[in-house]
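Below: one structure in structure tokens.
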Amino acid sequence: SPSRSSVIIIGAGVSGISTAKVLAENGVEDLVILEASDRIGGRIRKEDFGGVPVELGAGWIAGVGGKESNPVWELADKSGLRTCFSDYSNARYNIYDKSGKIYPSGIAADSYKKAVESAIRKLRNEEANPCGGGNNVCKVTEPPSMPNTPMELAIDFVLHDFEMAEVEPISTYLDFGEREFLVADERGYEYLLYKMAEDFLFTSEGKILDSRLKLNKVVRELQHSRNGVTVITEDGSVYEANYVILSVSIGVLKSQLISFNPPLPRWKTEAIERCDVMVYTKIFLKFPYKFWPCGPGKEFFLYAHERRGYYTFWQHMENAYPGSNILVVTLTNGESKRVEAQPDSDTLKEAMGVLRDMFGPNIPDATDILVPRWFTNRFQCGSYSNYPLISNGQEFHGIQAPIGRIFFTGEHTSERFSGYVHGAYLAGIDTGKALVEEMGKESTERNSSCSEN
Ligand code: FAD
């Protein structure tokens, strides 16, 4: 029969690793981590491209310089992780139209200001008239203006799909500050996870060699009862534990890759269904030489097109890696899914068409392209959770609440910081603590029932 451990953690992303660390620190050493892929890190993932390390998943430490200190910023500081300050605010002054002209800064700034005001007005309306549920009729007192022109669409895309601090009063910016730092380190963002793992897993020469971490173990079924949980993986392995911590993404929970026996209660599946999944794709392009401007205030630039989100947001990597000759373009949601489904050669053609609109017909072709597929990847099924800005917190509680011996963690269970690395990290710590407390209660109950006998 399979051996039984105290706790099985499913998923070795940042939340799974931070949960395990808290458990180990509290004396729960008898744990197993089952990870579907062949590496730790999950949505934190470095790859070498065109001679430099690039981050396919999380790239920034978001929320720095505020009244509270971002714990991920502290980890980065302790590990000596190399980062570069990103000033998104200059993007609005570098908006190209299809003929390669940059919109005059006055016009762009004015349009930007209007878009921010309109977004704030919309938010106030939603706060005053919360829609959804009950019989409330939503009255929109002053309709926000809709973006129409290519320039307005480009600005709208940046404001909303990039979660800009100016319009979204979210805890990341309010508590930790509005500054964002790009991770630009040979060891990758994922080095922070290795540093965490080193404290409780056996490592040697930068590799985790601990047999409690099991890679390439795709969990497909959880059988749970009052007495424990049985975990079955795709390769037919069976693991038993007193408790399970499930740290897979919201997209994976929706996908039904994992079946539950007995099934999850309706309120749980409904909470999972209600949470939207955002897809966010950074496409990397390598060139033989630079043809874009690189001075101060030029790191980010926008392409204004009549289709919202069509290769809109660009960044050059010269600040992070001078001489790398790499551009990054970010797509989201529908555009991400469209591009994931087509061959990279088509995506390259589209991107080159856009670049030739902006910089003229004589620029060189990219020599290499990298298109991450976060949506198609069945261990991710998207990039991160996207809760409505105005929410009463019920969604989080439904998604996070344990079902018997199964605890839920991950970015999507963080009420204050969902969608971020620090959200996943802090969720893991909270889940670890909650489980330690639960285990304490259980052993007290067991002891007291023994003494009654
Ligand atoms: P994950 O990292 O997804 O970990 C879950 C693990 O579970 C994965 O390793 C997965 O392989 C594994 N798994 C899945 N299914 C199974 C199964 N059936 N059996 C076993 N294992 C399974 N955040 C920021 O703070 N700043 C950013 O700039 C930023 N940019 C982002 C850009 C992109 C493109 C993406 C995708 C995310 C970005 N994020 C960013 C969000 C951040 O990466 C996540 O919030 C965080 O990494 C999530 O960690 P997690 O532990 O919750 O989940």
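With the calculation restricted to Cα positions, what are the radius of gyration and Dmax of region 141-222 in angstrom?
Over region 141-222's Cα set, Rg and Dmax evaluate to 21.5, 63 Å.
Taking +1 at the Cβ of each Lys and Arg and -1 at the Cβ of each Asp and Glu, which of ILE326, PHE157, THR203 sits farthest along the dipole of the chain towards its positive end, judged by Cα position relative to the Cα centre?
After comparing all options, I get PHE157.
Okay, moving on. Calculate the tail of P(r) for region 1-47: the fraction of all Cα-Cα distances greater than 14 Å, expressed in %.
On the way: 557 of 1081 pairs.
Distances greater than 14 Å cover 52 percent of the Cα pairs.
Using the Cβ atoms and a cut-off under 11 Å, what net charge is assigned to the surroundings of SER336, where Lys and Arg are +1 and Asp and Glu are -1? Intermediate results must be reported in sequence, preceding the final value.
Working: positive: LYS282, LYS337, ARG338, ARG373; negative: ASP161, GLU335, GLU340.
Result for the neighbourhood of SER336: +1.
Could you give each residue of region 241-250 its phi-based ³J(HN,Hα) in whole Hz, using Karplus coefficients 6.51, -1.76, 1.60 with θ = phi - 60°, and x for Gly or Pro?
Listing the rounded values in order: 7, 6, 9, 10, 10, 9, 10, 5, 5, 4 Hz.
Here's something else I'd like to know. Kirkwood Rh, the chain, all Cα pairs: how many Å?
On the way: mean 1/r = 0.0424 Å⁻¹.
23.6 Å is the Kirkwood radius here.
Same structure, new question: How fast does region 313-357 diffuse by Stokes-Einstein, in µm²/s, taking the Kirkwood radius from C-alpha pairs at 25 °C and 0.890 mPa s?
Numbers: Rh = 11.8 Å.
The Stokes-Einstein estimate is 209 µm²/s.
Can you find, among TYR384, LEU355, LEU370, the residue sitting farthest towards the positive end of the charge dipole of region 345-426, where Lys and Arg contribute +1 and Asp and Glu -1 at Cβ?
TYR384
Also: Could you list which residues have their amide H under 5 Å from that of ASP276, counting only those 5 or more apart in sequence or on another chain, with H placed in the peptide plane?
Amide H neighbours of ASP276: ASN386.
Equivalent-ellipsoid semi-axes (√(5λ), Cα gyration tensor) for region 392-451, whole Å, largest first? If you can, show how the numbers build up before the last one.
Values: eigenvalues 158, 29, 11 Å².
The three semi-axes for region 392-451 are 28, 12, 7 Å.
³J(HN,Hα) across region 21-29 via Karplus (A = 6.51, B = -1.76, C = 1.60, θ = phi - 60°), whole Hz, x for Gly/Pro?
The phi angles translate into 5, 4, 4, 4, 5, 9, x, 8, 9 Hz.
Semi-axes of the equivalent ellipsoid of region 278-421: what are they in whole Å, largest first, if each equals the square root of 5 times a C-alpha gyration tensor eigenvalue? Mind showing how you got there, number by number?
Numbers: eigenvalues 255, 53, 41 Å².
Working through the eigenvalues yields semi-axes of 36, 16, 14 Å.
Here's another thing I want to ask about it. Compute and list, largest first, the equivalent-ellipsoid semi-axes of region 264-328 from the alpha carbon gyration tensor, each √(5λ) rounded to a whole angstrom. Write out the running numbers ahead of the final one.
On the way: eigenvalues 285, 43, 20 Å².
That gives 38, 15, 10 Å for the three semi-axes.
Restricting to the chain, compute how many DSSP beta bridges are antiparallel as a %, nearest 5. Provide the component values of the computation, followed by the final result.
On the way: 45 of 65 bridges.
So the antiparallel bridges in the chain amount to around 70 percent.
Looking at TRP267, GLY51, GLY410, which one has the Cα that reaches farthest to the positive end of the dipole of the chain (charges on Cβ: Lys, Arg +1; Asp, Glu -1)?
The residue sitting farthest along the positive end of the dipole is TRP267.
Still on this structure, I have one more. Taking Rh as the Kirkwood radius, which is the inverse of the mean 1/r over Cα pairs, what is the Rg/Rh value for region 47-114?
Numbers: Rg = 17.2 Å, Rh = 15.5 Å.
Radius of gyration relative to Kirkwood radius: 1.11.
Let me ask something else. Taking the Kirkwood radius as the inverse of the mean 1/r across Cα pairs, report the Rg/Rh of region 1-123. Walk me through the numbers before you get to the answer.
Values: Rg = 22.1 Å, Rh = 19.3 Å.
We get a ratio of 1.14 for region 1-123.
Here, each number is a calculation from the coordinates, and none is a lab measurement. Note that the coordinates shown come from a computational prediction; the quantities given were computed from them, not determined experimentally. Cβ: placed from backbone, ideal geometry, glycine included. Neighbour counts: every protein chain shown.
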